[in-house]
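Working notes, beginning with the structure itself.
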Amino acid sequence: MADLKHEFDIMVLGAGLVGVATAIALKLKGHRVLLLEQGKVGGERAGLGLAAWDSRIYALSPGNVAWLEQLGVWPLLDAERVGVVDSMRIWGDDGAALELDAYAANLASLSVIVEGSRLQQALLARLMSLDVPVNDEISIDGVDWNPENVVLHAANGGTYAAPLLVGADGAYSWLRAQADITLRRHDYAQMGVVANFACEHPHQSQACQWFRGNDVLAWLPLPQQHISIVWSVDNARAQALMALDADTLAQEVAAAGQHRLGRLTLVTPAQAFPLAMQETSSLVKPGLALVGDAAHLVHPLAGQGVNLGFRDVQALAEAVSGKQARRRPGDIFVLRRYERARKADMMSMRLLTHGLSMLYARPIPWVRMLRNEGMKCLNRMPALKKQLVHYAVI
């Protein structure tokens, strides 16, 4: 391997939201970074027009918004297409309700809503401004885990080498498999149906969520009197919803949300994706760190998937930079710092989302009474609600 020319400190495989953010954050820390993507950078959403709405949206925590501002990404977004959640109302399946309010918690907002395609475009624009090299549409067919560097072999005969390789290649990560990192997966036998709607009545920047047994419906406020929905239902119900025409689907969503916003009009075709929880046996090995969906999956009922991924990036960038700069970025002692920094956050979010989904999936009468009484009790405790909100906005 002595004839290899090492031009990069870190390679990132995967150009989704978390992968591009990783490349930006590491570049700004002074590392020489290469971004690799086996598909087309930008993916299917790259061709969306400026006026089109994207069905896939993300609820970003204020902490991650502040971090994206520091990266120079947030100013590149169109502010008129960014929604704000000032309050949230959650209903149980037996009359219980929980109200969360940013003002009561002394916060500017609970979360910020952005379309996936627009966030991706802003991230890529910032990446290009930093002159980070990008190689996409490459076919990688092998990897060598050498003591001093990791070498990726492309099908065309090319090689890419660096002391650290970051796996941001998604839930079905090829890199994770190549590293023999085992995975524990729980399939919820559900799908998340997503779509955007125009509303008859203003949403007042309030998010709404209904728990009905195994069925969870969330309405998230978008600008211009629109909402985005995520409806977690069993596979058969998801297929039935996807088969509905636009008017009928809008009527179903409006009725499920108790017609709180009046008549709804579908503005994007509905999409559906399978729901699962994934936990890896490790986030790292010598020369490798996993981030984003390659590292973990959680149920979307708390809207925390991409927030977890962005916090991965922040922890990784801190671990391989600063005081640790004297060690190679792929050194296992450096990477263990990253893993330790992330475990508590990942575990608490996994327990919260999986626990809630299992709690509401159980039809036993006493469990139903317990979960609804618990929600009512929490709603009467302002100090505890404030703590809950502050945890969620990190």
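The values are calculated or read from the model by the stated rules, or taken from the named source; none is laboratory data. Just so it is clear, the model here is predicted, and its values are computed rather than measured. No Cβ is skipped: glycine too gets one built from the backbone with ideal geometry, and neighbour counts run over all protein chains shown. Surface areas here come from the heavy atoms of the whole protein model, side chains and all, with no ligands, DNA or RNA. Shrake-Rupley method; radii C 1.70, N 1.55, O 1.52, S 1.80 Å.
Residues of region 269-315 that are modelled with pLDDT under 95 and aromatic (Phe, Trp, Tyr): Phe273 alone.
The residues listed here are Arg212, Arg185, Arg260; of these, the one that is surrounded by fewer than 19 Cβ atoms within 10 Å (Cβ to Cβ) and within 21 Å of the chain's Cα centre (by Cα) is Arg185.
The set of residues in region 135-155 being open to solvent by less than 50 Å² (accessible area, probe 1.4 Å) and among the hydrophobic types (A, V, I, L, M, F, W, C) consists of Ile138, Ile140, Val143, Val150, Val151, Leu152, Ala154.
State which residue is farthest from Lys29 (Cα to Cα) when the search covers only region 115-129 and only residues that are of a type outside the set (Gly, Ala, Ser) and in contact with a Lys or Arg (Cβ under 9 Å, 6 or more places away or on another chain). It comes out as Glu115.
Would you be able to say whether some residue in region 84-96 is more than 16 Å from Leu28 (Cβ to Cβ), open to solvent by less than 20 Å² (accessible area, probe 1.4 Å) and touching a Lys or Arg at 6+ places or on another chain (Cβ under 8 Å)? Looking for residues that are more than 16 Å from Leu28 (Cβ to Cβ), open to solvent by less than 20 Å² (accessible area, probe 1.4 Å) and touching a Lys or Arg at 6+ places or on another chain (Cβ under 8 Å), one finds at least one in region 84-96, hence yes.
Could you please let me know if Leu165 is in contact with a helix residue (DSSP H, G or I) (Cβ under 9 Å, 6 or more places away or on another chain) and part of a helix (DSSP H, G or I)? So Leu165 does not fit the description; no. In region 215-229, the qualifying residues are those that are touching a Ser or Thr at 6+ places or on another chain (Cβ under 8 Å) and open to solvent by 20 Å² or more (accessible area, probe 1.4 Å), and the one that is farthest from Leu264 (Cα to Cα) is Asp215.
For Ser109, the criteria (1) over 29 Å from Ala52 (Cα atoms); (2) at pLDDT below 95; (3) small (Gly, Ala, Ser); (4) buried (at least 16 other Cβ atoms within 10 Å of the Cβ) hold in every case but one, which is (1).
Residues in region 53-80 that are acidic (Asp, Glu) and open to solvent by less than 20 Å² (accessible area, probe 1.4 Å): Asp54 alone. Taken over region 116-141, the criterion of being among the charged types (D, E, K, R) and in contact with a helix residue (DSSP H, G or I) (Cβ under 7 Å, 6 or more places away or on another chain) is satisfied by Arg118, Arg126. For the residues Gln204, Gln190, the requirement of being closer than 22 Å to Trp91 by Cβ, in contact (Cβ under 8 Å) with a residue 24 or more places away in the chain, assigned to a loop (DSSP other than H, G, I, E, B) and not charged (D, E, K, R) singles out Gln204.
So which residues in region 291-314 are farther than 26 Å from Ala189 by Cα and open to solvent by less than 20 Å² (accessible area, probe 1.4 Å), if there are any at all?
Going through region 291-314, the residues farther than 26 Å from Ala189 by Cα turn out to be 310-314.
Correct list: Phe310, Asp312, Val313.
Among the residues of region 139-155, are any closer than 27 Å to Gly305 by Cα, aliphatic (A, V, I, L, M) and in contact (Cβ under 8 Å) with a residue 24 or more places away in the chain? Taking every residue of region 139-155 in turn, at least one turns out to be closer than 27 Å to Gly305 by Cα, aliphatic (A, V, I, L, M) and in contact (Cβ under 8 Å) with a residue 24 or more places away in the chain.
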